[in-house]
Every structure is written in C-alpha cells, then in structure tokens.
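The values are calculated or read from the model by the stated rules, or taken from the named source; none is laboratory data. Quick caveat, the model's predicted, so the values are computed rather than measured. So basically every Cβ, Gly included, is an ideal-geometry build from the backbone, and we count neighbours across all protein chains shown. Each accessible area value is taken on the protein alone, full model and side chains, heavy atoms only, with ligands, DNA and RNA left out. Shrake-Rupley method; radii C 1.70, N 1.55, O 1.52, S 1.80 Å.
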Amino acid sequence: MERMATLEFLAKVPIFENLTPEQLQPLAAKMRPRKFQRGEVVFHQDDPGDRMHILVQGRVRISLDSDDGREKDVAVLEPGECFGEMALLDGSNRSAKATAVAEIETLVLMRDDFLEFIGEYPEVAAHTTAVLTNRLRSANQMMGDLAFLDVPTRVAKQLIELAEKQLAGAAPNGDIEISIGQDELARLVGSSRETVSRALTSYRRMGLLTTFHRRISITDFHGLERMASY
C-alpha cells in the first residue's frame, strides 16, 4: 500500500479517525504490510504481544482454544478493524488466536511505536480503550446468549449482527449476502455444525434465507430479525 493510500486508510480506522493526515504521517511511516493466506494463523493464543494488526482486506476470525482441543470463535473482523491491540497496552501475551478466513492483508504496528505515538496523542489510547470496552460488552452478551438462548435463536441473532455490520448503518434493501461457512457459523454460536445446519434448513423452509457454498443470503431480514428476538 502506497504512503498516501495508507494515510487515507488510517483516517478511516476508528481509533485514528479524529487525527489529521499530518498527525498520522509519522505513524504511517512505521506501518509494515503483511499478507496471510486463507487458514493461516496470524498469531496463536499465548504468543508474545509485540505488535498490532489493522485489517486492510479480507476477514479475520478471533478464537479461543480449550484444553481438549475445541475452538470457539468470539469475533469475525472486517477491513478497518484492529486486532492484537490489547497486548500492546498491558504487555501481556495474546489472549486469543487470530486466523485468516480468506487471504488477508494487514498493516502491522510494533508495540514500541504504538506506545510512543499514544504518548504524543493520548486520545488514541482513549479510542483504543473504547474499542476494547465494546468487545468486552460483546463477549458478555455472547456468554448470556449461550446461557439463555437456544441454537436457532443464536443462529438468527448472529446472522443479523453480521448483516448489520455489513450494512454499516444503511437500511436493508433486498437480499443480504454473508460470506460465511456453516463450520464458521457454528463456532460463532457455540454449537455443532449439524445443529446449526438444522436451524438453517428450518429458516430456509420459512423463506428467510438461502444457503450456498460458504455463503448465506438473507432474503427476509425483518423475518429473521423476529426469529432472533424470541
């Protein structure tokens, strides 16, 4: 990514959006591009946290590994989102694993460069804290959903959340296609692929969505939204 394009991109990243191009210039100079293939692990849980990634293109899933080898996805990130920033603030090891859903490109910022930058612009630290707080709220909501909602409701809720993220505030108009496989969706809702498949089949028969290879198209957003609120 060229320097000017990097500046334009960084200006749209939530934690940097209130800074001017002149303020972002020294930060852009320290960013290093990285590419990862589909399925490649960007970092493992408990790895040293010495750098932050900003997703330029593609999708990244953030997951937790259990002692018995199971994996639970806690988030799917889209371009413009950061990951790995928590370890930069407290110097701890990685609290989760990051994996490329498809081929991805990131911009990498080392911890020392990040700390130097927020020393000059403390508002970035405040924005970073806000991002982490929102993720904590999402994690708490996910725990509540696992405890109190059945799998079909969790599936509908997760699909609505992914659709709203894709719409970025716009009103739904027509079919909404989400690039996600049933295995990935199952990890997000904390269930088996077979149970999630049965829920999708039920919604498909109700005319709420259609399924393809690693894609789900929501054909009745408001109908699915009602299923998510049961």
*Specify which of the listed residues (ASP46, ASP50, ASP90, ASP67) is closer than 24 Å to GLN141 by Cβ, among the acidic types (Asp, Glu) and open to solvent by 50 Å² or more (accessible area, probe 1.4 Å).*
ASP90
*Does any residue of segment 113-132 turn out to be crowded, with 17+ Cβ neighbours inside 10 Å, without any contact (Cβ under 8 Å) to a residue 40 or more places away in the chain, out of contact with any Phe, Trp or Tyr (no Cβ under 6 Å at 6 or more places or on another chain) and in a helix (DSSP H, G or I)?*
yes
*Which number in (1) closer than 21 Å to THR128 by Cβ; (2) within 18 Å of the chain's Cα centre (by Cα); (3) open to solvent by 20 Å² or more (accessible area, probe 1.4 Å) marks the one condition that ILE15 misses?*
(3)
_Can you tell me which of (1) under 21 Å from TYR121 (Cα atoms); (2) open to solvent by less than 50 Å² (accessible area, probe 1.4 Å); (3) out of contact with any helix residue (DSSP H, G or I) (no Cβ under 6 Å at 6 or more places or on another chain) is the one ALA28 doesn't meet?_
(3)
